[in-house]
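Peer 1: Right, I'll just put the structure down here and ask away after.
The values are calculated or read from the model by the stated rules, or taken from the named source; none is laboratory data. Not measured: the values here are computed from a predicted model. All Cβ positions, glycine included, derive from the backbone under ideal geometry; neighbour counts span all protein chains shown. For the accessible areas, the whole protein counts, side chains as well, though only heavy atoms, and no ligand, DNA or RNA atoms are used. Shrake-Rupley method; radii C 1.70, N 1.55, O 1.52, S 1.80 Å.
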Amino acid sequence: MKENQDADGGVSRRTYIKLSGIVGTTGLVAGCSGGGDEGSTATDSGGENTDGGTETTSGGDGGGDGGNALEIVHWWTAGGEQDALDALLEGFQEEYPDASVNNNPAPGGAGSALDTVIKNRVLNQNPPSTFQIWPGKALTEYVEGDVLRDIGDSVWNEDMRGAYREGVQNLAQPGGSYVAVPINIHRLNNLFYNTAVLDEAGVDPSSISDPGALTDALETISSETDAVPMAHQTQSPWSSVQLWENIFLGYNGVDAYTSLVEGNVSDHEDAVRESLQTLKDYSEYYNGDAGSISWDQANGKVVNGDAAFIHQGDWAAGQYQSADGFEYDSDWSMVPFPGTEGMYSVVTDSFVFPKNNPSPETTRKFLEYCGTVDAQERFNPIKGSIPPRTDVPTDPFGPFLQSQIEEFKNSDSQPPTIAHGTAVTPEVHGNIDEVFASFNEQGNVDSAYSGLENAFSE
Ligand code: GAL
């Protein structure tokens with residue numbers, strides 16, 4: 001054990017088995033940074049891999065850990081995401097001037113690189129101070145492997161328990177104890193668009209009633225303009241997984257979706273096949289370079305008027321906000337993904353406290369800080385998300401996110417996401433990603449359907 005590390009003990013056989021199932025294919029190598037394929041490029045800076053990192057030291061004693069910095073591993077290097085994280089870390093260091101921070105990203109949209117990096121480090125007993133993870137089922141292996149601290153007493157104080165929305169609070173305790181601090185609520189079922197391109201095509205987005213009608217609108221854009229009808233990335237499967245889950249929701253509603261994520265695929269065979277076929281129909285209208293770009297590069301095509309629509313979580317709006325001269329309402333806007341009005345398809349991110357922690361006291365302070373109004377007010381308006389606390393002032397959020405806050409409050413349902421790990425275990429999630437990696441290549445509905453049937457049999 002390293003000096004200043006806390007005494008949580010080594011990695012048990014049970015832990016090893018739980019976590020190594022997932023990294024088994026990529027190898028358990030100390031400090032390995034493999035596994036990811038979709039690097040974000042827009043503002044990729046601040047650390048090259050998880051052994052390096054950028055240190056922002058404000059001097060002092062490292063927050064009571066004998067000089068150990070808070071090493072934070074995350075994937076927020078794209079769009080406005082890096083600015084949001086910087087704002088959070090700045091707030092933390094204002095609150096704790098003695099704390100130093102080692103900002104060490106593992107770039108790759110939707111955590112496409114981070115997972116392997118973290119599992120290797122946990123198994124090598126060299127975890128960072130904290131790392132980004134979706135709360136809910138994505139935490140399962142870590143909880144079952146017993147590698148996370150129970151932070152119910154040390155971090156989840158009365159103030160947080162009283163202020164957090166109940167649903168998000170539940171996601172932070174998947175095994176019955178608090179192990180994570182959620183920091184945001186993103187919406188997934190957004191269809192963003194460039195208003196000038198839609199005007200030129202004569203397409204009214206609010207009239208698109210279901211996912212099939214969106215195919216017709218894409219065809220109109222294709223024939224009436226030079227723009228790409230739907231910006232998309234297929235370099236990594238997650239953007240197609242999230243689009244497919246929203247297509248399924250749009251056609252079939254929340255009850256069928258809930259049954260599907262519980263693994264009842266064959267009960268919905270026709271509906272699953274229909275949603276796959278619609279996804280295939282959309283793919284005729286993607287940008288030609290979809291296979292070689294990241295989500296923020298695809299989104300950049302909406303910003304510069306080269307594309308009409310993009311389906312993305314509202315982290316895409318964080319990128320619009322950081323773009324010069326691209327204004328909400330006049331230049332871009334969104335409608336709920338066709339057929340999903342009244343639903344707020346939820347994606348959230350959280351930070352956790354790994355055992356064998358290199359900076360226990362600074363980690364505790366950071367997690368407690370993430371649970372404050374100050375942290376959530378700094379982070380979320382830039383990130384394009386709304387706060388999980390109910391008492392954060394809405395003024396700094398601007399008109400788009402204020403409208404998302406209202407939509408969240410008025411929503412009939414908040415279905416959890418498959419693509420962003422809340423609704424299914426990492427194993428099922430990995431299987432589904434594989435199905436869509438092949439579907440992106442081959443577009444074969446039959447084999448994707450049987451792949452999905454098998455994906456849930458753990
Ligand atoms: C999600 C994450 C978001 C955003 C997005 C794109 O999984 O929850 O915060 O980073 O990926 O990378």
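Peer 1: With axes computed from alpha carbons, what is the tilt in degrees of helix 398-410 against the longest principal axis of the chain, rounded to the nearest 10 within 0 to 90?
Peer 2: The angle comes out at about 90 degrees.
Peer 1: For every other residue with a beta carbon closer than 9 angstrom to the beta carbon of R187, add +1 if it is Lys or Arg and -1 if Asp or Glu, then tell me the sum.
Peer 2: Numbers: positive: none; negative: D314, E407.
Taking every Cβ under 9 Å from that of R187, the sum is -2.
Peer 1: Something else: Counting pairwise Cα distances across segment 277-330, what percent come out greater than 15 angstrom?
Peer 2: Working: 708 of 1431 pairs.
Pairs farther apart than 15 Å: 49 percent.
Peer 1: Per 10 Å bin, what percent of the C-alpha pairs of segment 134-266 does each bin hold, from zero upward?
Peer 2: 10, 27, 27, 20, 13, 4, 0
Peer 1: Rounded to the nearest 500, what is the chain's calculated 222 nm mean residue ellipticity when only DSSP H runs of at least 4 contribute -39500 (n - 2.57) each, over all residues?
Peer 2: Numbers: 17 runs with 193 residues, N = 458.
Result for the chain, helices only: -13000 deg cm²/dmol.
Peer 1: If you average over every viewing direction, what projected area does the convex hull of the Cα atoms of the chain give, in nm²? Don't skip to the end; give the middle numbers.
Peer 2: On the way: hull surface 78.9 nm².
Convex hull of Cα atoms, orientation-averaged projection: 19.7 nm².
Peer 1: With the cut-off at 1.5 for a/c, could you classify segment 193-315 from its C-alpha gyration tensor as rounded, prolate or oblate? List each step's numbers first, then the result.
Peer 2: Details: a/c = 2.21, a/b = 1.58, b/c = 1.40.
Taking the square roots of the gyration eigenvalues as a ≥ b ≥ c, segment 193-315 is prolate.
Peer 1: Which percent of the Cα-Cα distances in segment 399-458 go past 20 Å?
Peer 2: Values: 793 of 1770 pairs.
In whole percent, the long-distance tail amounts to 45.
Peer 1: Moving to a separate point now. What percent of all Cα-Cα pairs in segment 103-153 falls in each 10 Å bin, counting up from 0?
Peer 2: With 10 Å bins starting at 0, P(r) equals 21, 59, 20, 1.
Peer 1: Moving on. Quick one: compute the contact order of the chain, relative version, from alpha carbon pairs under 8 angstrom and 6+ residues apart, as a percent.
Peer 2: Working: 941 pairs, mean separation 113.9, N = 458.
About 25 percent, as a whole number.
Peer 1: Moving on. Normalise the Cα radius of gyration of segment 187-232 by 2.2 N^0.38 Å (N = residues in it) and let me know the number. Could the numbers behind the result be given before it?
Peer 2: On the way: Rg = 10.2 Å, N = 46, 2.2 N^0.38 = 9.4 Å.
Its radius of gyration relative to the 2.2 N^0.38 Å reference: 1.08.
Peer 1: Classify segment 62-172 from the C-alpha gyration tensor, please: rounded if a/c falls under 1.5, else prolate or oblate depending on whether a/b exceeds b/c.
Peer 2: On the way: a/c = 1.20, a/b = 1.02, b/c = 1.18.
The shape class here is rounded.
Peer 1: Can you tell me the length gained on complete extension of the stretch D226 to S177, counting 0.36 nm per residue apart and subtracting the Cα distance? Mind dumping the intermediate values first?
Peer 2: On the way: separation 49, 0.36 × 49 = 17.64 nm, distance 5.36 nm.
Stretched out fully, the D226 to S177 stretch lengthens by 12.3 nm.
Peer 1: Keeping all protein chains in place and using 1.4 angstrom, which order do M160, M334 fall into by accessible surface area, from largest down?
Peer 2: M334, M160
Peer 1: Express in nm, to one decimal, how much length is gained between S209 and D159 on full extension, taking 0.36 nm for each residue of separation and deducting their alpha carbon distance. Each step should come with its number before you reach the end.
Peer 2: Working: separation 50, 0.36 × 50 = 18.00 nm, distance 4.25 nm.
Extending this stretch completely gives an extra 13.7 nm.
Peer 1: Semi-axes of segment 297-377's equivalent ellipsoid from the Cα gyration tensor, sqrt of 5 times each eigenvalue, largest first, rounded to whole Å? Before the final figure, lay out the partial values.
Peer 2: On the way: eigenvalues 240, 53, 32 Å².
With the √(5λ) rule applied to segment 297-377, the semi-axes are 35, 16, 13 Å.
Peer 1: Just the number, please: Stokes-Einstein D of segment 349-422 in µm²/s, Kirkwood Rh from C-alpha pairs, 37 °C, 0.692 mPa s. All intermediate terms of the calculation are to be shown ahead of the outcome.
Peer 2: Details: Rh = 14.3 Å.
Answer, rounded: 230 µm²/s.
Peer 1: Using a cut-off of 12 Å between alpha-carbon atoms, which aspartates and glutamates can reach K301, once sequence neighbours fewer than 8 places away in the same chain are excluded?
Peer 2: Straight-line reach from K301, under 12 Å: D289.
Peer 1: Keeping all protein chains in the complex and leaving out DNA, RNA and ligands, what accessible area do you get for E166 with a 1.4 Å probe, in Å² to the nearest 10?
Peer 2: Here the accessible area works out near 140 Å².
Peer 1: Which shape class, rounded, prolate or oblate, goes with segment 265-418 when its Cα gyration tensor gives a ≥ b ≥ c as root eigenvalues, a/c under 1.5 marks rounded, and past that a/b bigger than b/c marks prolate? Please report the intermediate quantities before stating the final value.
Peer 2: Values: a/c = 1.65, a/b = 1.40, b/c = 1.18.
Prolate shape, in that a/c is at least 1.5 and a/b is the bigger ratio.
Peer 1: Another one. Given Cβ point charges of +1 (Lys, Arg) and -1 (Asp, Glu) and nothing else, what value in debye, to the nearest 20, does the dipole of the chain about its Cα centre take?
Peer 2: Working: 21 positive and 71 negative charges, 282 e Å.
Charge dipole, the chain, about its Cα centre: 1360 debye, nearest 20.
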